[in-house]
Each structure stands twice: as structure tokens, then as C-alpha cells.
1. Hey, with R₀ at 25 Å, roughly what FRET efficiency would Gln383 and Ser536 work out to, going by the Cβ-Cβ distance, to 0.05?
2. Could you tell me which of rounded, prolate or oblate describes segment 236-352, using a ≥ b ≥ c as the square roots of the eigenvalues of the alpha-carbon gyration tensor, with rounded for a/c under 1.5 and, failing that, prolate when a/b is larger than b/c and oblate otherwise?
3. Using the charge dipole of segment 111-202 (Lys, Arg: +1 at Cβ; Asp, Glu: -1 at Cβ; taken about the Cα centre), state which of Ala144, Pro170, Phe134 has its Cα farthest towards the positive end.
4. Quick one: if you stick a label point 7 Å off each Cα along the C-beta vector at Lys264 and Ala445, how many nm between them?
5. I'd like the Karplus ³J(HN,Hα) series for segment 249-258: coefficients 6.51, -1.76, 1.60, θ = phi - 60°, whole numbers in Hz, and an x wherever there's a Gly or Pro.
6. Points 7 angstrom from Cα along the Cβ direction at Ser291 and Ala415: gap in nanometres?
7. Using 0.36 nm per residue of separation minus the Cα-Cα distance, give me the extension gain between Thr492 and Ser375 in nm, one decimal.
8. Using modelled amide H (1.01 Å from N, peptide plane; none on Pro or chain starts), what sits under 5 Å from the amide H of Phe268, excluding residues fewer than 5 places away?
Amino acid sequence: MEGSEMSRRRATSAFLAIGTATLVAIALTATPATASRHHTAAKASTTTGKAQLRQVGPTAVTLAPSAISHQGSTSTPACTLPDGGTISVYHCYTPQDIRAAYGVDQLPNQGAGQTIVLVDSYGSPTAAQDLQTFHEQVFPEAPAPDFDQVFPQGNPQFGNTFHGNGQSGPAAAANWSGEATLDIEWAYSIAPEAHIILLAVPPAETLGVQGFPNLFKAISHEIDVTPPGTVFSMSLAVAEQTFGGAAKVQTARFDKVFQKGNTKGDTFFGATGDEGTANVSKQHRDSAPYSYPTAEWPASSPYVTAVGGTQLQDGWEWNPSSNQPWTFDSAGNINGYNMPYWQWTDGGHLNTVWNESWGPIGSGGGQSVIYPKQSWQTDTGYQGRTIPDVSWNAAVNGGVDVYISAYPEYNCGQATGCWTIFGGTSAATPQVAALTALADQARKANGMDPVGNLNKLIYQLPSAFNDVLPVTEGSAPADFKGSDVQPDGSVTTVPKSVGDLVDNQMWMDDVPGYPTTTGYDLTTGLGTPWAPAFVSGLLTVG
């Protein structure tokens, strides 16, 4: 597919994620109808048959209700939500599912005495009550949450009322509320005894750099007032090129904050993004997709552990026989799911690189143009710092359950609250941060210092990770002549179907990706941590 159609897909890709470019959520009108869903990357209902795009945030649109609302022909839903609502083709996971899939349920420690700081613009006006609902309805066996939300520069939450649009104010606060809610509920899912702090700072970091000074001032203060060994999760990102010619000067200033925290024993995590290598520039109100592979910051900072994405297929395996996810009416409007694309087989356990062609959305990763290769990295050939360092489930088809009542008209399409599912490297990052809090708990019990800069340790522990390998699922034809960047800088042609999960090039996009390989790669890093080996391994190094 070439020309105008490729350009149309490219433009859609550029606007599928929330303003952080690291969050993708899907919310569907479910059964029963009272479980109305809305999300920041795709909203669905059965009330319209016309495909539309509606901008949600400064760099985000919601996929039209008709695009993903139809229940399809499968008789068994892929997902049953905690309130009994069902979703036909998107699978979903509870805390118990994820904890079992990554071995977290085999650990005796649950984060007692540890602190997790989640950095999010605006925060959420209903954060505490939503986390409590999440605990009561899906994770009641865990202790009650130990949670605080702090506003170092004032409470910007606008009375939980959504109106207007733009990069700031109530519209931006509503947009960010889903990110904040996802972060707190899923950090709690991994480390339920940890003290969780939601650090809410205006203005929004909206795929630009204007919000960074306030964010880093707040982060620096939290470093000063929290205990040694605090872990910070940042589900926000900009392409390195967004800084322009002053990139090294500006990032060096912010890196001093990370270095201060590392010296204290703190650990920082950054999401690598949800658009593979096809990131978007943002200079004030002017934005456009880059025409070449880019990596995102702060994930690319050597003082931050970069978290990429995988697709966890646990209890099911995708089995596409078509490359086309939608059906269309005679006018060319999306009117339903094309089930040969979405079909799956029951059973199995597979962890693939995250690359969902229906979005297209997938794991960010690549080579830094700001930082040289670090001494602790073990990949070969690439000259710059490469990301991600690690990965975790980030898929939307295979997303995580979230309860939200913040800005309900915006997030749920009704006046109370709803269960929905979220994905993105924004989902992966707080979970890996919380797992590291469990490791810090174990290190403290063994008389060791906290982890600090995790990157210097994990490359010594390859056996603590499950390698993510390239796979082909289903029998769809290899219609896409894709391309990947090799370590020597050459670009090779890669014919692909949607089921060829072999890189992080976005479907039908002309920006090359990076290949998923045996061992470290620029799509999933070292792989996904196996919790028992990850925690025990961190007792042997540093």
C-alpha cells in the first residue's frame, strides 16, 4: 500500500496515543450497556456506523465509536470486565493474571517500606477513591492501598468537570486523568504494600518540552523528601529531536536531577513510547511525524531505565488469516470487526514484541542521537545508547483492567464511572518500577543498599529475563514490504503480514523499524523480567 493511503495511515499513527505518547487505552460499549467505555486512544459505542476521528489531546485522537464497537461474530468474548461487561475481540488481564504471568505471585515480599512515585501532569481528582474501588473489586486479598497525591504547584483538577479543548486546562486534565489512574492502580497491583505517591504537576507535558522545567522541579523536590531507594515511574516522552539544536544542553540539565536521585539510591523508569520508531515532533503547536527512526527521552537517558512493550498472550494465541482488521460499508466507513483478523485459539502462553497493526501501535525503541553507547550495554554494532532496557506487557489486545470515575463524561461517556482496559508502555512502566520496589525491599532485608541506577546492574543478569523472540502468528499474506535498520546502519527489506511480529516498524509505515532478535534488541531490550530471578539476581550484584 503506497501513496495517499500510506500517508493516511501514517497520520493516523501519529495521533493514536495520549499526549504523553506512551498511553493507549481502549474502552468499548460493553454488555451490559450500563458499562459504557471511553478511552484516550479509541472510544467505541454501537450508536453510529460512521468512522470518525476526534482529537482528544494535543497530539491524540480517539478512534470513532463505529471503528471498534461492533461485537463481531465470536460467541466467546475475549474479555469479561470486573463489572460483568464483555468485550468481543480485545483480551484483558486482572492483577492476578499479570502477577502469575510474570512470577510476581511467587515472591513473599509485597513492597512494605518502599516508596513509588508516579509522575503525571494534573493527576486525578478521584485517584484515591478509584484506587480503593480497584482494590475492593479486583484485588481484595491485598492490603488496603497506602496512597497519597501531592500537588507541589497547586491542585489543577478543575472540579472534575470536563469542557473545552487544548493543551492545558480542563481538557488536558481530563486527558491525563486516565494516565494517572492507570499508573496508580497497576503500581499497586505489583507492589500492594508500597507507599504510592501520585506527583501531579501542571502544565501538561504534551509531546513537547515546555512542561519539563516544572516537572523536574517537582521530581527534584520528591527526591529530597522521600526515602533512599524510592522508585520513580515516568509515563511521558518526547522524541529526542524535539529539543532541537540545544538537545544535549537541555537534557544535561534535567539529567542532573536523575543523577542526584541515583546517588541517593533512587531508580527512574521511562516509557519508550507507543509508535515504534515513527515518533512525532512537537514544537509548541506545530507538530509532524519524523520521516526517520527516532528514540524518545527521558527513556533514552542513561540514568533512566527504558521500558518497552510486549504483547502477552496468556491463555490465548492470535491466529490471523487476514491483514484487514475492519469491515466497511459501501461508502467506505468502518462498520465492524473483520473476524479473520481478530480470531484466536484458546490456550498457550506467548510473549511477543508489541506491534498491533490495527492501531498501528507498538513498542518504542531505537538508538539515541544524544547519548553514546554505555559501557554496561551488551548489544553490538549500534553506536549510540540503545533502548529499551527491559520490556513488559503493553498491548491493548491483552490490556489491563482499570476503574476510573475521573471526568466521567470524558472517560466513560456517562456521569459516574466505568471499568475499561488500558495498554501502552504507560501500562508497562509503573509495573516494572513496582517490581523494582520489591527488589529494593529484598535488598534492604539483606543489609544491601538500594538499587539506584538499575541499568548498571541488569545487564549483568541476562538470565533474569525471558528473551522475546520474533514469531509469525496465523496465515495472513505477507503484503507489506517493510524495512528494518541493522546494526551497521543498512536498511533491509522485510516482507510482512500482520502476524509477523518481528520488529517495531508500524504497519504500512515507511519509517523503518528495528528487528526483534535473539538476545538484546531495540524492540524489547533484555526481555521481560521473571520476577523471582529478577529479585534474587539483584541480591547478587551492586
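All of the numbers you see were taken from the coordinates with simple rules; none came from a lab. Please read all numbers here as calculations on a predicted model, not as lab measurements. Virtual Cβ from ideal backbone geometry, glycine too; neighbours counted across all protein chains shown.
1. After rounding, the FRET efficiency stands at 0.15.
2. The shape class here is oblate.
3. Comparing the listed Cα positions along the dipole, Pro170 ranks first.
4. In this crude label model, Lys264 to Ala445 measures out at 2.6 nm.
5. 5, 5, 5, 4, 5, 6, 4, 4, 5, 4
6. Once both label points are built, they end up 5.2 nm from each other.
7. Details: separation 117, 0.36 × 117 = 42.12 nm, distance 2.77 nm.
39.3 nm is the gain from fully extending Thr492 to Ser375.
8. Phe232, Thr305, Leu454
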